[in-house]
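The values are calculated or read from the model by the stated rules, or taken from the named source; none is laboratory data. Remember, predicted model here, so these are calculated numbers, not experimental data. Neighbour counts run over all protein chains shown; Cβ positions are idealised from the backbone, glycine included. The protein model used for the area step is the full one, side chains on, heavy atoms only, and it has no ligands, DNA or RNA in it. Shrake-Rupley method; radii C 1.70, N 1.55, O 1.52, S 1.80 Å.
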Amino acid sequence: MKRISSVLIIMLVALSLFANGNFQTEKAVANYTSDASPKYVFMFIGDGMSSPQTNSAQVFNGVNESGLVELDKLTFTQFPVVGLQYTQDSTSFCPDSASTATSLSSGYKTHSGVIGMGVDRKTPGVTIAEMLHDKGWKIGIVSTVTINHATPAAYYAHIASRNDYYQIGLQMADSGFEYFGGGSVNKADDGDKSIYQVLEEKGYLVTNDRDEILSLNANSGKVYAYSPDLQDDGAMYYAIDAPAESLKLKDFVKKGIDVLYNETGFFMMVESGKIDWAGHANDAVANISDTLAFDEAIEVAVEFAKAHPTETLIVVTGDHETGGMTIGYAATGYNTAFDILKNQKCSYVMFDSLVAEAQSDGSFTFDDLMAMVTENFGLVAPGTEGADANLVMNEYEYAKLQKAYEDELSGNTDGYEESLLYGGYSPISVTLTHIINNKAGIGWTSYAHTGLPVPVYALGEGAELFGGAYDNTEVAHKLMSLTGVR
């Protein structure tokens, strides 16, 4: 009996210490969140961006010489607080952007494909942006892809299917948010009225005029500003393809600040959506280029924070990882050679358009393709004399490209092997990106999303709350607590 009592006492003491530790932690968080009160909040989401994408960008701009291997760190990777969020939704450990952005914006789980509704696909939630708007803050939503795409929509829309673009566009117009910027509206004309017309009727200045966008300010009223230079499906150009004078993501963030700034507060969600699209296509160079452009946009927010250091919070994260990107490939062992990637001059989308144009007259030969490959990727055929050895394809790679050429021209893309090889993308372009990626030391496992956890980087007022590992719903809960709307 005495022995049992002793064990009980030890257990109770241990439990007491554990409980006290938890209470102390909760008390510290409570005290901290009650003291921190940011009134200018930036929420940056790199769609499809996890550690592999971030570090690939740092390696790409870094130094890779024997005895001197260094990263060129991004602005946000040097933020003082780093956390980790788990991304699973209510249906899968490999979630989509609709469900994960809903968790980030609203703090609950839902099905893949569902925006702003619970697991019953009927009950709407309330987003952090809507809560703050009701509080009197001004709200901005920016994206490099269409503004009624899943991630930006998760901050203002409540709908059972992410594919109902026209209804999402109507909800965007009804939100009353003060600023939308970046990409165009997908399927804007699928209803009785164009979404652009609906926005104007709701009091929005709708513009894609470069000079007018650059002149936006606090007196501009409610604004929807979309880029005059659009690429695939109404999105902004990939950074690697963008015309020299094209507006960049950082420009839309800067104009967002100019439109939204006020003494009460503002919240701006900024998405780099084509990091995800490049991940789906396994195009590392397009992926890296957009990650670097994303970092430039974050620099704009950091400069604002320097002028408002006790009032600004910047949170940077992803919604999920895309492509199963890895730094390391079986054929290169421990070696990486990211300098090889700098020979790629355009994204897969741009190269697809070049190939389509070359095929238009019906006389597109494999030699024609190889000339385009060398010009846009630097890759050359086996045995090419005087070429950089790193860019000479081996017989295996060359045969893969020949098969891709034949499959593209014949339309042979539906077989099991072909689905694994091409993932529904152009056989030629995806084969080329795989070849140059692999030579550089980058591998991919998927054309879809993965279940990798995603880092969270935070700077400014309340940043400490974002350290540690937690569910993605906690990102929303932390923001709600800090801004006093939870």
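Out of curiosity, is VAL430 under 18 Å from GLN402 (Cα atoms) and in contact with a Gly (Cβ under 9 Å, 6 or more places away or on another chain)? Before you say what the answer is, go through the steps one by one.
Details: under 18 Å from GLN402 (Cα atoms): yes; in contact with a Gly (Cβ under 9 Å, 6 or more places away or on another chain): yes.
Here the answer is yes, as VAL430 does meet what is asked.
Which ones in the range 67-98 are of a type in the set (Gly, Ala, Ser) and either under 19 Å from GLY460 (Cβ atoms) or in contact with a helix residue (DSSP H, G or I) (Cβ under 8 Å, 6 or more places away or on another chain) (or both)?
Just the residues of the range 67-98 that are of a type in the set (Gly, Ala, Ser), to begin with: 67, 83, 90, 92, 97-98.
GLY83, SER90, SER97, ALA98 - these are the residues of the range 67-98 that are of a type in the set (Gly, Ala, Ser) and either under 19 Å from GLY460 (Cβ atoms) or in contact with a helix residue (DSSP H, G or I) (Cβ under 8 Å, 6 or more places away or on another chain) (or both).
Looking only at residues in the range 314-339 that are touching a Ser or Thr at 6+ places or on another chain (Cβ under 8 Å) and open to solvent by 50 Å² or more (accessible area, probe 1.4 Å), which one is nearest to ASN64 (Cα to Cα)?
Kept after step one, since they are touching a Ser or Thr at 6+ places or on another chain (Cβ under 8 Å), are these residues of the range 314-339: 318-328, 338.
Subsequent filtering for residues that are open to solvent by 50 Å² or more (accessible area, probe 1.4 Å) retains 326-327.
Values: THR326: 17, ILE327: 13 Å.
Per the criteria, the residue is ILE327.
Output the residues belonging to the range 191-217 that are surrounded by fewer than 16 Cβ atoms within 10 Å (Cβ to Cβ) and in contact with an Asp or Glu (Cβ under 6 Å, 6 or more places away or on another chain).
Of everything in the range 191-217, just one residue is surrounded by fewer than 16 Cβ atoms within 10 Å (Cβ to Cβ) and in contact with an Asp or Glu (Cβ under 6 Å, 6 or more places away or on another chain), namely ASN217.
From the list ALA356, ALA404, ALA389, ALA399, which residue is exposed (fewer than 13 other Cβ atoms within 10 Å of the Cβ), under 25 Å from SER289 (Cβ atoms) and out of contact with any strand residue (DSSP E or B) (no Cβ under 9 Å at 6 or more places or on another chain)? Even if it seems obvious, please write down each step before you answer.
On the way: ALA404 fails: exposed (fewer than 13 other Cβ atoms within 10 Å of the Cβ); ALA389 fails: under 25 Å from SER289 (Cβ atoms); ALA399 fails: under 25 Å from SER289 (Cβ atoms).
Checking each option against the conditions leaves just ALA356.
Go through VAL142, VAL119, VAL198 for me and flag whichever is in a loop (DSSP other than H, G, I, E, B) and either at pLDDT 95 or above or within 28 Å of ARG486 (Cβ to Cβ) (or both). Outline the logic, then answer.
Details: VAL142 fails: in a loop (DSSP other than H, G, I, E, B); VAL198 fails: in a loop (DSSP other than H, G, I, E, B).
After applying the criteria, what remains is VAL119.
In this structure, is ALA150 over 26 Å from the mean Cα position of the chain (by Cα), open to solvent by less than 60 Å² (accessible area, probe 1.4 Å) and touching a residue at least 40 places away in the same chain (Cβ under 8 Å)? Before the answer, list the steps.
Details: over 26 Å from the mean Cα position of the chain (by Cα): no; open to solvent by less than 60 Å² (accessible area, probe 1.4 Å): yes; touching a residue at least 40 places away in the same chain (Cβ under 8 Å): yes.
The answer is no for ALA150.
Based on this model, can you work out whether ASP361 counts as farther than 30 Å from PHE266 by Cβ and either in a helix (DSSP H, G or I) or open to solvent by less than 30 Å² (accessible area, probe 1.4 Å) (or both)? Outline the logic, then answer.
On the way: farther than 30 Å from PHE266 by Cβ: yes; either in a helix (DSSP H, G or I) or open to solvent by less than 30 Å² (accessible area, probe 1.4 Å) (or both): no.
No, not satisfied.
Quick one: SER184 ticks every box in (1) among the small types (Gly, Ala, Ser); (2) under 25 Å from the mean Cα position of the chain (by Cα); (3) surrounded by fewer than 16 Cβ atoms within 10 Å (Cβ to Cβ) bar one, so which box is it?
(3)
Please determine, by comparing only the residues of the range 109-143 that are hydroxyl-bearing (Ser, Thr, Tyr) and under 29 Å from LYS39 (Cβ atoms), which one is nearest to the chain's Cα centre (by Cα). Write out each step before concluding.
Narrowing the range 109-143 to residues hydroxyl-bearing (Ser, Thr, Tyr): 110, 112, 123, 127, 143.
So of that shortlist, the ones also under 29 Å from LYS39 (Cβ atoms) come out as 127, 143.
Values: THR127: 19, SER143: 9 Å.
Selected residue: SER143.
Within the range 272-313, which residues are in contact with a Pro (Cβ under 7 Å, 6 or more places away or on another chain) and open to solvent by 10 Å² or more (accessible area, probe 1.4 Å)?
Quick first cut of the range 272-313, residues in contact with a Pro (Cβ under 7 Å, 6 or more places away or on another chain) only: 311-313.
Matches in the range 272-313: GLU311 only.
Could you list, ordered by first residue, the pairs with Cβ atoms under 6 Å in which the first is in the range 192-212 and within 20 Å of ILE139 (Cβ to Cβ) and small (Gly, Ala, Ser) and the second is at pLDDT 95 or above and outside any helix (DSSP H, G or I), at least 6 apart or interchain?
Going by the 6 Å Cβ cut-off, the qualifying pairs are GLY203/LYS222.
The rows are residues; the columns are (1) crowded, with 24+ Cβ neighbours inside 10 Å; (2) in a helix (DSSP H, G or I).
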site: GLY48; (1), (2): yes, no
site: ALA57; (1), (2): yes, yes
site: LEU84; (1), (2): no, no
site: SER90; (1), (2): no, no
site: CYS94; (1), (2): no, no
site: SER99; (1), (2): yes, yes
site: THR102; (1), (2): yes, yes
site: HIS111; (1), (2): no, no
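Name the single residue that is farthest from SER446 (Cα to Cα) among those in the range 281-296 being of a type outside the set (Asp, Glu) and touching a strand residue (DSSP E or B) at 6+ places or on another chain (Cβ under 6 Å). Give the derivation first.
Looking only at the range 281-296, we keep the residues that are of a type outside the set (Asp, Glu), and these are 281-282, 284-289, 291-294.
When the remaining residues are screened for being touching a strand residue (DSSP E or B) at 6+ places or on another chain (Cβ under 6 Å), the result is 284, 294.
Working: ALA284: 13, PHE294: 23 Å.
If we take residues in the range 281-296 being of a type outside the set (Asp, Glu) and touching a strand residue (DSSP E or B) at 6+ places or on another chain (Cβ under 6 Å), then PHE294 is farthest from SER446 (Cα to Cα).
Where residues in the range 222-241 are open to solvent by 40 Å² or more (accessible area, probe 1.4 Å) and more than 15 Å from GLY273 (Cα to Cα), which of them is farthest from the chain's Cα centre (by Cα)?
Across the range 222-241, the extreme among qualifying residues is LYS222.
How many residues does the range 63-81 contain that are of a type outside the set (A, V, I, L, M) and without any contact (Cβ under 8 Å) to a residue 40 or more places away in the chain?
In the first step, residues of the range 63-81 are kept if they are of a type outside the set (A, V, I, L, M); the result is 64-67, 70, 72-73, 75-80.
This time we only want the ones that are without any contact (Cβ under 8 Å) to a residue 40 or more places away in the chain, so: 65-67, 70, 72-73, 78.
The qualifying residues number 7.
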